[in-house]
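To start, the structure under review is shown below, and the notes come after it.
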Amino acid sequence: MQGCCHSFQVERIVPLTISRGQTHGLERLLVEISHEGITGWGEAGHVDTGHHCYSSQGVRRELLRLWPQLEPYAPDQWQQLEPLLQHLSPPARCGVDMALWDWWGKALGRPLWRLWGLDRQRCVATSVTVGLGSVEAVQQRLQQWFHQVQPSRIKLKLGSPQGLDHDRQLVQAVVQELEQWPGTVDLQIDANGGWTLEEAMAMAPWLGDQGAVLLEQPLPAGTNDQEAYGALRPHCPLPVVVDESCWTLEDLMRLAPHVDGVNLKLLKHGGLSQALLMARVAMGLGMELMLGCYGDTSLLNGAAAQLLPLVRWPDLDSHLNLRCDPFRGLERIQDVILPSKAPGLGIQLAKPLPW
Ligand SMILES: [Mg+2]
């Protein structure tokens with residue numbers, strides 16, 4: 001097989017601000033694996049969760065070193081390929097693993113969710129993300145989402161550098177706004193590790209009183225964060241989900257006794273193979289699943305969407321906030337994202353890319 005990758009730029013329509021800062025434009029990598037006239041696609045890119053950081057340029061260098069090593073193999077020789085992939089960074093491995101799965105699904109003429117025996121009708125609404133900002137900016141972002149997708153689940157970023165009072169003001173503004181909307185809208189909170197244990201213990205019961213339904217990554221990620229989550233849990237009336245704390249299967253096993261769920265992301269775990277394994281293990285341990293994204297296009301979210309039938313709290317909204325998403329094929333019915341029915345990942349180019 002032959003591998004190659006190309007870099008391209010995407011830009012957020014509305015810049016996203018979280019507890020660690022703001023992002024606007026993003027460099028991404030399109031990964032291609034070709035064999036016997038079929039090309040599988042993957043996506044990779046920069047990831048920075050504070051305690052783990054990988055650059056697009058570093059990922060590109062890893063992939064350029066990998067391509068000659070793949071040449072003797074076919075994309076379905078998974079066991080022979082494993083030693084070549086296991087030392088890659090998670091985003092580099094994600095790009096290759098995705099492309100191998102896309103190739104395999106296309107070769108067999110089936111979407112991956114069907115190959116895995118999943119029920120597409122189980123997909124539920126995705127949350128859409130409202131970043132940190134002034135009360136007015138948060139209200140404006142809610143209005144934009146309402147006109148774009150009429151969401152039934154909002155994910156509000158907290159952990160403001162301005163402190164807990166500002167976080168509380170944002171929650172109250174969002175709750176007031178959502179009361180004006182038709183139907184019930186669930187409010188989820190993601191603090192991106194922006195609180196201390198004491199702050200999280202103060203905020204969690206208050207958030208429950210405000211009607212929030214989920215608390216994601218309230219505490220900073222670290223090797224001993226399971227102790228802090230163990231201390232928080234008796235004080236938290238909401239399900240607690242870890243994101244930045246959980247990159248590997250070892251992280252999942254370490255945190256599982258102390259939290260209710262995990263936010264799976266393909267770039268963080270190293271692609272669909274590992275995300276599917278972690279999903280199955282988490283479910284076996286009685287945990288619930290989120291499924292999230294970074295500044296990912298329809299291609300990467302189209303890959304993650306293959307797992308949606310397993311997920312209670314989908315959070316696949318990044319492609320809805322891109323000015324020029326180069327891809328199409330990821331289906332959406334109002335606020336429900338659905339994996340494509342086309343073979344492999346089922347994602348096509350929306351326009352020719354410049355190479
Ligand atoms: Mg998160």
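The values are calculated or read from the model by the stated rules, or taken from the named source; none is laboratory data. Since the structure is predicted, the reported quantities are computational estimates derived from the model, not experimental observations. Here the Cβ positions follow ideal geometry from the backbone for every residue, glycine too, while neighbour counts run over all protein chains shown. Remember, those area values only see protein heavy atoms, side chains included, never the ligands or the DNA or RNA. Shrake-Rupley method; radii C 1.70, N 1.55, O 1.52, S 1.80 Å.
Using a 1.4 Å probe on the protein heavy atoms, what percent of the accessible area of the chain belongs to carbon and sulfur? Working shown, then result.
On the way: 7010 of 14160 Å².
The value for the chain is 50 percent carbon and sulfur by accessible area.
Please list 225-235, 125-135 highest first by mean number of surrounding beta-carbon atoms within 10 Å per residue.
For the peptides 225-235, 125-135, the packing ranking is 125-135, 225-235.
With 28 Å as the cut-off, how large is the P(r) tail for segment 114-349, expressed as percent of Cα-Cα pairs? Each step should come with its number before you reach the end.
Values: 8150 of 27730 pairs.
Tail of the P(r) past 28 Å holds 29 percent of the pairs.
Could you go through segment 18-35 in sequence order and give the Karplus-derived ³J(HN,Hα) for each residue, using 6.51 cos²θ - 1.76 cosθ + 1.60 with θ = phi - 60°, rounded to whole Hz, and x for Gly and Pro?
10, 4, 9, x, 10, 10, 10, x, 9, 8, 10, 10, 8, 9, 10, 10, 10, 6
Between the alpha-carbon centers of segment 281-297 and segment 20-62, tell me the distance in whole angstrom.
If you average the Cα positions of each part, the centres end up 20 Å apart.
Counting alpha carbon pairs within less than 8 Å and at least 6 residues apart, what relative contact order, in whole percent, applies to the chain?
19
Hey, could you pull the Cα Rg and Dmax for segment 50-118, both in Å?
13.7, 40
Could you size up the charge dipole of the chain around its Cα centre, putting +1 on the beta carbon of Lys and Arg and -1 on that of Asp and Glu, and report it in debye to the nearest 20?
Dipole of the chain, to the nearest 20 debye: 900 debye.
For segment 2-109, what does the convex hull of the Cα positions come to per residue, in cubic angstrom? Write down the numbers at each step before the final one.
On the way: hull volume 12.5 nm³, N = 108.
Here the figure is 116 Å³ per residue.
Please work out the ratio of the alpha-carbon Rg of segment 243-341 to 2.2 N^0.38 Å and round it to two decimals.
With N residues counted in segment 243-341, Rg over 2.2 N^0.38 Å equals 1.06.
Over segment 114-349, with the other protein chains present, what is the accessible area per residue in square angstrom, probe 1.4 angstrom?
36
Can you tell me the accessible area per residue over segment 2-109, all protein chains present, probe 1.4 angstrom, in square angstrom?
That works out to 45 Å² per residue.
Taking the alpha-carbon centroid of each part, what is the distance from segment 322-342 to segment 198-258 in angstrom?
Cα centres, segment 322-342 to segment 198-258: 31 Å.
Bin all alpha-carbon pair distances of segment 69-174 at 5 Å intervals from 0 and give each bin's fraction as a whole percent.
2, 10, 14, 11, 9, 10, 10, 11, 11, 7, 4, 1
List the relative contact order of segment 2-109 as a percent without decimals, with contacts defined as Cα pairs under 8 Å and 6+ residues apart. Kindly include the intermediate steps, with their values, before the conclusion.
Working: 176 pairs, mean separation 32.1, N = 108.
Normalised by residue count, the contact order of segment 2-109 is 30 percent.
Along its three principal axes, how long is segment 221-282 when you only count alpha carbons? Whole Å, largest extent first please.
Cα spread of segment 221-282 along its principal axes, largest to smallest: 35, 21, 16 Å.
Name the residue from 298, 215, 343 whose Cα lies farthest towards the positive end of the charge dipole of the chain, charges +1 on Cβ of Lys and Arg and -1 on Cβ of Asp and Glu.
Working it through, the farthest residue towards the positive pole turns out to be 343.
For the peptides 184-190, 152-158, what is the packing order when you average, over each peptide's residues, the other Cβ atoms within 10 Å and list the highest mean first?
So the order, starting with the most tightly packed, is 152-158, 184-190.
Near the amide H of residue 16, under 5 Å away, which other amide H atoms are found, from residues 5 or more places off or on another chain, if H is placed in the peptide plane?
23
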